[in-house]
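The values are calculated or read from the model by the stated rules, or taken from the named source; none is laboratory data. These numbers were taken from a predicted model, which means no experiment stands behind them. Note that each Cβ is placed from the backbone with ideal geometry, even for glycine, and that neighbours are counted across all protein chains shown. Each accessible area value is taken on the protein alone, full model and side chains, heavy atoms only, with ligands, DNA and RNA left out. Shrake-Rupley method; radii C 1.70, N 1.55, O 1.52, S 1.80 Å.
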Amino acid sequence: MTVIDTTPIVPVQTRSERPWSFDPEDFGQPTGREVNWKLSDLRRLAPVLVDEETEDGEGSLSYDTGDAEARGLLVESTGHEAAPRGEIFQPEDLASAIAWKRCANALHVRLPEGEAVEAPVVIRIAGRGADVHGNAHIVIEAQPHSSGTVVLAHEGSAAYAQNVEIIVRAGARLEVVSVQDWEDDAVHASAHQAVVAEGAFLRHIVASLGGGVVRVNPSVRLAGEGAEGELFGLSFADSGQHLESQVYLHHEGVSTKGDVLYKGALQGEGARSVWIGDVLIGQGATGTDSYEKNQNLVLTDGTRADSIPNLEIETGDIAGAGHASATGRFDDEQLFYLQSRGIEEEEARRLVVIGFLMEIVQKVGVPEVEERLAAAIEEELRRGASLAPASRAGA
């Protein structure tokens, strides 16, 4: 007699319950039905979902670390077992598992204990062409009571899978900025995982402007008492671009504080953005104060913005928690106000978009990067000036 198990198979929905593994074979090829892949462009992400031998990340792309080595901020990291690599990083999908496996050596940036590193550490990563395949593991470690900023600036073209492991130790204050300014044929899949210890602070910013398909997924654990995390992001999707972020903020420690704000603009036929925000307030995270919000501004018809905020609360003893999402066209009242002051409609639209996105740009705190982002936004607007504005139906 054959016994058939009729127990329904319930797909994993909760972010905290998703499986992880360092072995790509444990994931299998995504089909698009999985909760973490169903809104992704799997066809174009295919190059970073193949477990084949490629050059090491530093050989496939160029890495310019500026004066970081001379300042004593780079640490040798050879082999998968080199600490602190893997201290907190756990691949959650096929792309990150492949990047872990195929990149034996990590780029390790470390801020020395008790030291305030005034000048930002800028790592420039450049691809040489769409046929360049690269995998990378980057460790950013802020030692106890240190402070500083690390910028990852991506440009050129490549098919690039990247893991970023961020460790903010007790009392440290760290800012990590990831700028995606790739060429239109680039494919970029990146998993950022961070842990913030007792009394520490992390500001994490994702700015995605260039690239054919860009998927940057930050995951932050506020593990220590009084840990704080700010997760900010901006994107500007043009015709044919797919820009995606799946954000996870896990409150573990007592009296932790989290703030998530992502903003996006879309213009041109086929422009697509995806934002999924998951916040988990754990059973022991009493006194938590947390809020997440995503806002998208639709500039033309033919675009699509997916925005899904999720909030799980496992304790009733919190200071506050909430989430919000809004996607729409220009505010007619804002445009009317500007035009009533003698500003032409096209210029009024430009000012509204700049004002909308500059809220995130101004949080970067690095003048060179802020200026670059502001100029890139201006260029995007010039490029889309001839496109018809979004109708009410398109919102």
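Quick notes on this one:
- Out of Gly253, Gly171, Gly226, Gly240, one residue alone is open to solvent by less than 10 Å² (accessible area, probe 1.4 Å) and assigned to a loop (DSSP other than H, G, I, E, B). It is Gly253.
- Test set (1) modelled with pLDDT under 95; (2) open to solvent by less than 100 Å² (accessible area, probe 1.4 Å); (3) of a type in the set (D, E, K, R); (4) more than 16 Å from Glu92 (Cα to Cα) - Arg44 fails condition number: (1)
- When restricted to residues that are closer than 17 Å to Val177 by Cα and either surrounded by 22 or more Cβ atoms within 10 Å (Cβ to Cβ) or among the β-branched types (Val, Ile, Thr) (or both), region 149-165 contains 9.
- Filtered residues of region 196-223 (kept if touching a Leu at 6+ places or on another chain (Cβ under 9 Å), farther than 15 Å from Val274 by Cβ and part of a strand (DSSP E or B)): Val196, Phe201, Leu202, Arg203, His204, Ile205, Ala207, Leu209, Ser219, Val220, Arg221, Leu222
- Considering region 280-304, the residues that are in contact with a helix residue (DSSP H, G or I) (Cβ under 9 Å, 6 or more places away or on another chain) and hydrophobic (A, V, I, L, M, F, W, C) include one that is modelled with the lowest pLDDT, namely Leu299.
- For region 96-148, filtered to residues that are acidic (Asp, Glu) and out of contact with any strand residue (DSSP E or B) (no Cβ under 7 Å at 6 or more places or on another chain), the residue that is modelled with the lowest pLDDT is Asp131.
- Selected residue (only one of Ala130, Ala126, Ala83 is within 30 Å of Glu17 (Cβ to Cβ) and either in contact with an Asp or Glu (Cβ under 6 Å, 6 or more places away or on another chain) or aliphatic (A, V, I, L, M) (or both)): Ala83
- When we screen Gly316, Gly355, Gly287 for residues that are free of Cβ contacts under 8 Å to residues at least 12 places away in the same chain, assigned to a loop (DSSP other than H, G, I, E, B) and surrounded by fewer than 21 Cβ atoms within 10 Å (Cβ to Cβ), the only hit is Gly316.
- Single residue of Arg124, Arg85 found to be open to solvent by 10 Å² or more (accessible area, probe 1.4 Å) and part of a strand (DSSP E or B): Arg124
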